[in-house]
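Taking it in order: structure first as structure tokens, then the write-up.
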Amino acid sequence: MEKTIDESAQGSALTLQEKKTNGRKLYIESYGCQMNFSDSEIVASILSNEGFNTTQELKEADLVLVNTCSIREKAELTVRKRLEKFNAIKKDRPHMKVGVLGCMAERLKHKFLEEEKIVDMVVGPDAYKDLPNLIQEIDEGRNAVNVILSKDETYGDVAPVRLNTNGVTAFVSITRGCDNMCTFCVVPFTRGRERSRDPQSIIDEVNDLWKKGFKEITLLGQNVDSYLWYGGGLKKDYDKASEMEKAMAVDFSQLLEKVALTQPRMRIRFSTSNPQDMTLDVIHTMAKYENICNYIHLPVQSGSNRILKEMNRLHTREEYFELIDNIRTIIPDCAISQDMITGFPTETEKDHQDTLSLMEYVKYDYGFMFAYSERPGTLAERKLDDDIPEAIKKRRLAEIIELQRQHCQERTEQHLNKVQEVLIEGTSKKSDEHWMGRNSQNTVAVFPKENYKVGDFVMVRMNSCTSATLKGEAVGYSKNSL
Ligand code: SF4
């Protein structure tokens, strides 16, 4: 849709060839969801082929890229504040270029250049392969914008450059975009229609990660349960596929099984699920393979059927309970986490009580809870007034957070006096003498280091806990480490 050149900005001295070869420094900062962090690794890969080396030092950067989030107003304010900080650095490094990526870039498009003068380049989530051209334009002294949303881009042919990695866990993106039009959400507008990645390229990436010593992967997508590969193209065009393509199609539970069988000792997690798209097949596949972790992130957003309807969430609380019951029946020790929005337009005290009672029913292991933040361009913004006073939003949010804290404590205590497999990810934040890792249920555990090392699967006896962290002692290696 949009790609233009602006003649105003000034270029710098180095020739293009010189810039290509002499290892210019790239600094990437990522905000928001795991998808954005995974995308930044795609960007680092595309630019490493252009001679860029990533640096963690902002002050030595030639190109600064900010991968932005637009999910709430606060996320965008954080990015604007950060861009202000770059002004001071730009005074010392006038040749330094600044680009914005991700959902806020896609939402604002050209307006970003008008609103934030330090920005030279605006690139949407589907246009990262155009970065070499866009950088050439800003090198020639012009601003550059590419916010075209794609029908088939999955970056399946780009090998991510792992950034800030612990060398043990990694993200593997499997779908892009979302076709669910939840009325509060900007994602369908900033990341486009759903398309799934070729399963073979996913398997290749998983094998490559295992060879590099990684021990756990998280399969990523805005809505992983909606994964459907039938040769490429949009999910919504599946009905037009040939009988042959349909016969060869791979859905999410089949992909999970393929990945589980490919590397039987590699731990597998996935995120994010949508209750309206999750099938029993997925749950049965999780139960069938020990290396698929017993944890599901299952956003619900509200416990009120009336509000779920206003949010265009295509399930009722009763259907959600049925899914929870199925998960608990098929995988009794499965951990479940939630996303919750409080103070959605027209939410009554009764609706709020419905949310609290749903949480009582599920008793989530943990959750991500936020007050409603009106997002420009969404259906809710266009159709509904943001009519819940801030004070009420805050009070309801505090009640939900407090209830979740109690449930976190209950759920974490359920692991006490058990011996569980933990994958060591690194040193505990609180003590250099202790390792931190997570059990299959995604609960953090810390224990004395002894002779174990990062990447080991260790059996840990859980002796005590806080509301979110288990404390224990290692009792030996897990068979997955032998
Ligand atoms: S499922 Fe709904 S909330 Fe999640 S990314 Fe899609 S539209 Fe947004």
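The values are calculated or read from the model by the stated rules, or taken from the named source; none is laboratory data. Computed from a predicted model, the values in this text were never measured in an experiment. Here Cβ is always computed from backbone atoms with ideal geometry, including for glycine, and neighbour counts include all displayed protein chains. The accessibility values were calculated without ligands, DNA or RNA, using every heavy atom of the protein model including side chains. Shrake-Rupley method; radii C 1.70, N 1.55, O 1.52, S 1.80 Å.
Observations on the model:
- Filter result for Val259 (aliphatic (A, V, I, L, M), in the same structural domain as Thr279 (by TED's automatic domain parsing) and touching a Cys at 6+ places or on another chain (Cβ under 7 Å)): no
- When residues of segment 156-183 are limited to those that are charged (D, E, K, R) and touching a Phe, Trp or Tyr at 6+ places or on another chain (Cβ under 9 Å), the one nearest to the ligand (Cβ to nearest atom): Arg176
- Filtered residues of segment 44-87 (kept if open to solvent by 60 Å² or more (accessible area, probe 1.4 Å) and farther than 27 Å from Phe368 by Cα): Asn49, Asn53, Thr54, Gln56, Glu57, Lys59, Glu60, Glu84, Lys85, Asn87
- Among the residues of segment 470-479, those that are open to solvent by less than 40 Å² (accessible area, probe 1.4 Å) and either of a type in the set (Gly, Ala, Ser) or over 27 Å from the mean Cα position of the chain (by Cα) (or both) comprise Gly472, Ala474, Gly476, Ser478.
- Scope segment 113-131; condition within 15 Å of Arg191 (Cα to Cα) and in a strand (DSSP E or B); matching residues: Val122, Val123
- A search for C-beta distances below 6 Å between a residue of segment 337-350 that is closer than 13 Å to Arg306 by Cβ and among the hydrophobic types (A, V, I, L, M, F, W, C) and any residue that is within 16 Å of the ligand (Cβ to nearest atom) and in a loop (DSSP other than H, G, I, E, B), counting only pairs 6+ apart in sequence or on different chains, returns Phe344/Tyr372.
- Complete set of residues in segment 280-310 that are surrounded by 21 or more Cβ atoms within 10 Å (Cβ to Cβ) and out of contact with any Leu (no Cβ under 9 Å at 6 or more places or on another chain): Cys293, Tyr295, Ile296, His297, Ile307
- Qualifying residue in segment 139-150 (condition: buried (at least 17 other Cβ atoms within 10 Å of the Cβ) and charged (D, E, K, R)): yes
- Filter pass, Leu163 being open to solvent by less than 50 Å² (accessible area, probe 1.4 Å), closer than 19 Å to Met121 by Cβ and either outside the structural domain of Ala44 (by TED's automatic domain parsing) or free of Cβ contacts under 8 Å to residues at least 60 places away in the same chain (or both): no
- Filtered residue count, segment 260-305, keeping only those that are within 16 Å of the ligand (Cβ to nearest atom) and acidic (Asp, Glu): 1
- Output for segment 401-427, where each listed residue is touching a Gly at 6+ places or on another chain (Cβ under 8 Å) and either within 22 Å of Glu349 (Cα to Cα) or acidic (Asp, Glu) (or both): Gln404, Glu425
- When Val250 is tested against the conditions (1) touching a Phe, Trp or Tyr at 6+ places or on another chain (Cβ under 6 Å); (2) within 16 Å of the ligand (Cβ to nearest atom); (3) of a type in the set (A, V, I, L, M, F, W, C), the lone failure is (2).
- Of everything in segment 336-360 that is over 19 Å from Thr412 (Cα atoms) and in a strand (DSSP E or B), the residue that is most open to solvent (accessible area, probe 1.4 Å) is Ile341.
- Any hit, segment 380-400, residues being in contact with a Lys or Arg (Cβ under 7 Å, 6 or more places away or on another chain) and closer than 18 Å to Ile71 by Cβ: yes
- All of Lys363, Lys383 fail the test of being at negative phi, open to solvent by 30 Å² or more (accessible area, probe 1.4 Å), basic (Lys, Arg) and assigned by TED's automatic domain parsing to the domain that holds Thr285, apart from Lys383.
Here's the yes/no breakdown for (1) under 30 Å from Ala380 (Cα atoms); (2) free of Cβ contacts under 8 Å to residues at least 40 places away in the same chain; (3) within 16 Å of the ligand (Cβ to nearest atom); (4) of a type in the set (S, T, N, Q):
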{"site": "Glu114", "(1), (2), (3), (4)": "yes, yes, no, no"}
{"site": "Cys185", "(1), (2), (3), (4)": "yes, no, yes, no"}
{"site": "Gly192", "(1), (2), (3), (4)": "yes, no, yes, no"}
{"site": "Pro199", "(1), (2), (3), (4)": "no, no, no, no"}
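- Residue pairs whose Cβ atoms lie under 6 Å apart, separated by 6 or more positions or on different chains, with the first residue in segment 406-419 and more than 10 Å from Leu470 (Cα to Cα) and the second part of a loop (DSSP other than H, G, I, E, B) and open to solvent by less than 80 Å² (accessible area, probe 1.4 Å), are His407/Lys363; His407/Tyr364; Cys408/Ser467; Cys408/Ala468; Gln409/Ser467; Arg411/Asp365.
- Within segment 308-325, residues that are in a loop (DSSP other than H, G, I, E, B) have Cβ atoms under 7 Å from residues that are away from the ligand (no atom under 16 Å from the Cβ) in these pairs: Thr316/Asn305, counting only partners at least 6 apart in sequence or on another chain.
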